[in-house]
Amino acid sequence: MGIRRKGRELALQALYQMDVTGDTSPRALELFLGHFEGSAKARDFARRLVSGVITHREEIDRLVEQCTDNWKLSRMAKVDLTILRIATYELLFCPDIPVSVSMDEAIEIGKRFGSDDSATFINGVLDQIAAASGVKEL
């Protein structure tokens with residue numbers, strides 16, 4: 001598994017835990033990362049993603065909700081929503097990561113951690129987010 005894939009998976013798990021516990025502090029992230037394997041580079045990437053999602057969560061959530069038909073965030077599966085938040089952060093705020101990579105990674109992680117329908121749902125929402133935000137491939 002690549003460094004960034006591992007970082008994304010760590011970020012997914014950390015953000016999921018933070019969502020459940022309500023503790024989004026840096027201490028909570030460090031406590032989480034201390035209990036899971038991953039190289040220093042994977043952990044650094046996870047920190048970047050978690051920090052970015054937390055910092056821009058309102059904007060990200062607003063865009064995700066705008067790009068989903070008949071779905072409120074509270075009704076979405078928490079895993080799918082967390083994956084969408086990470087990928088949306090990457091699409092909007094990480095110009096060093098190609099759009100196609102962010103989208104493909106989100107879909108693959110959805111297949112691993114989500115339900116049978118997660119990958120299709122994530123793909124459809126991210127396509128709409130990319131179009132709505134004017135994100136283009138590098």
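Rounding to the nearest 10 and keeping the result within 0 to 90°, find how far the Cα-based axis of helix 57-66 lies from the longest principal axis of the chain.
30 degrees
What does the highest-first list of 19-25, 47-53 look like by mean Cβ count within 10 Å?
47-53, 19-25
Helix 3-21 versus the longest principal axis of the chain: what angle, 0 to 90°, nearest 10, using Cα atoms?
In the chain, helix 3-21 runs at an angle near 90 degrees to the longest axis.
Return one quarter of the surface area of the convex hull spanned by the alpha-carbon atoms of the chain, equal to its mean projected area, in nm².
7.7 nm²
Give me the net charge for the shell around Leu12: Cβ to Cβ below 12 angstrom, other residues only, Lys and Arg +1, Asp and Glu -1.
Charge balance in the 12 Å sphere: +1.
Mind checking the angle between helix 99-113 and the chain's longest principal axis? C-alpha axes, 0 to 90 degrees, to the nearest 10.
70 degrees
Throughout, read-outs are computed from the coordinates displayed, never taken from laboratory work. Keep in mind that this is a model prediction, so the values were computed, not measured. A quick note on method: Cβ atoms are made from the backbone with ideal geometry, for glycine too, and the neighbour counts reach across all protein chains shown.
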